[in-house]
């Protein structure tokens, strides 16, 4: 009898608490999921004229990999050592800047990225611009990106 | 370099690092497995990848990780079978009520605190592809795990197996094990069913049906393994082949049902005959290769997925500290209070709390499942891995301080009194 009572107090009551927490948390709004790989397409006409874009458009298919923890993002463009960006997602907009100020072949030393995410169409799409901070021409490079596959949670 | 060459080099590096760290940790009175877990983390982006990214990329190119993952997963399936094999209902004999109440309280308390923490962490460390229910249930499960194998090893190393504390700890850990895996199976089923063609109720019915078949059908058939062992005096190659078949088929079916392959492997171990000589003969065949070769590979694979560098800035370390605090408070506090309420003296109750707070490699298994099914974000995964390491690391020093120090003092006092008595006579 004592064991049953103890069980009810020590196990039953917390169990009810867990149920309460699950109900309470249903209204919480976490940040939008952007984790996973995105196929980036640069606007060809602009890409040809931007002097500092070299390390971004060095390969034919440009993949943006996004690692997400809550609103915090780590973005990696094709070449891991040159173009890693750290950023945040806030509602439907995404901002990021390069992690290291590195000297590149084309002379650009840092990138900033700003994009908006459109989830309303069938494929998730991101459109925005890369900005090269120390580029003599101060250029902006517009892009669009399509999500390859929805990342399983933040785990991608 | 061919895939096989890369894998062989990886195995060499992992084994050397794991044995070295294991040896160093044994030197500071820690279970060897703690050193091996740390070795895995050090080989990943948290240290090697950070200090020498070129070496790391050459040693563990991303294209080779599939092979490493496959080998370590097979090892893990065998390891989970061994965990199930070591589960013995006889551990509960005579203290079933105490063990069940204490153990369930030591699960539900950290589960409750983990869920409450989820309320705070969900908007900060998760995203909208994860449902709150899944996140909170997984956080609760991750907080409530006890590592039976590590706990058993600590008790053996400290000669505590035959003591009342050791017996209670083993009983509680056994109940913990079976309860935690059942909860995890439920959570995984819930998460996976949201992306599956099978409705949840059907997945649940099929899972229960399979568990029923294993517990009431296959368990009786598995007795033949013991009969064959008795007849021949050893486990033959044929018997071992059938046991492997059972493990793989069970793992395959649970994976198919939306549970996880590891749950099936654990279940296959649970339904094995529990005669001590048979269990130790089977352990003798499988344990060494699993512990020496496969587990370090799993730790290395876990390490490669763990990026402590993602935990950056005061805010992230604050979340990390909160996770440590909740994990320790929930498990240690819950087990201690429950044992005390069940009549254990404070010293024993506290020591039990310390022992059940050991999360060890079982937590690593659970966290990897969480990352696989997408419930955990990479930084949260890293934080929980650090929590698993910390809670395992503090177990032996705390146990020595709380329990064994007084035992040694008591023994010395008795010896002194006996000496004085002898002199008087």
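How many residues are more than 9 Å from chain B (Cβ to nearest Cβ), within 21 Å of residue B:128 (Cα to Cα) and either outside any helix (DSSP H, G or I) or touching a helix residue (DSSP H, G or I) at 6+ places or on another chain (Cβ under 7 Å) (or both) if we restrict to region A:1-42? Total satisfying the criteria: 3.
Run down B:232, B:223 and say which single residue is more than 23 Å from residue B:193 (Cα to Cα) and touching a residue at least 40 places away in the same chain (Cβ under 8 Å). After applying the criteria, what remains is B:223.
Residue B:377 meets the conditions (1) more than 11 Å from every other protein chain (Cβ to nearest Cβ); (2) touching a residue at least 24 places away in the same chain (Cβ under 8 Å); (3) crowded, with 24+ Cβ neighbours inside 10 Å in every case but one. The failed one is (1). Residue B:126: over 19 Å from the mean Cα position of the chain (by Cα), within 14 Å of another protein chain (Cβ to nearest Cβ) and at pLDDT below 85, yes or no? Here the answer is no, as residue B:126 does not meet what is asked.
Scanning region B:250-263 for residues that are free of Cβ contacts under 8 Å to residues at least 40 places away in the same chain and touching a helix residue (DSSP H, G or I) at 6+ places or on another chain (Cβ under 8 Å) returns B:250, B:252, B:255. Within region A:72-83, if we keep just the residues that are within 11 Å of another protein chain (Cβ to nearest Cβ) and in a strand (DSSP E or B), the residue that is modelled with the lowest pLDDT turns out to be A:74. Set side by side, the residues B:161, B:101 differ, and just one is in a helix (DSSP H, G or I), more than 30 Å from residue B:382 (Cβ to Cβ) and either facing chain A (nearest Cβ under 10 Å) or at pLDDT below 95 (or both), which is B:101.
With the structure loaded, tell me whether residue B:113 is at the interface with another protein chain (Cβ under 7 Å from one of its Cβ atoms), farther than 30 Å from residue B:247 by Cβ and part of a helix (DSSP H, G or I) or whether it fails that test. No, not satisfied.
Are any of the residues in region B:13-31 in contact with a helix residue (DSSP H, G or I) (Cβ under 7 Å, 6 or more places away or on another chain) and over 27 Å from residue B:394 (Cα atoms)? Looking through region B:13-31, at least one residue is in contact with a helix residue (DSSP H, G or I) (Cβ under 7 Å, 6 or more places away or on another chain) and over 27 Å from residue B:394 (Cα atoms). Only one of the listed residues (B:399, B:355, B:337) is part of a helix (DSSP H, G or I), touching a residue at least 12 places away in the same chain (Cβ under 8 Å) and either within 14 Å of chain A (Cβ to nearest Cβ) or closer than 26 Å to residue B:72 by Cβ (or both). That residue is B:337.
The values are calculated or read from the model by the stated rules, or taken from the named source; none is laboratory data. Keep in mind it's a predicted model, so treat the numbers as computed, not measured. With ideal geometry, Cβ positions are generated from the backbone for all residues, glycine too; neighbour counts draw on all protein chains shown.
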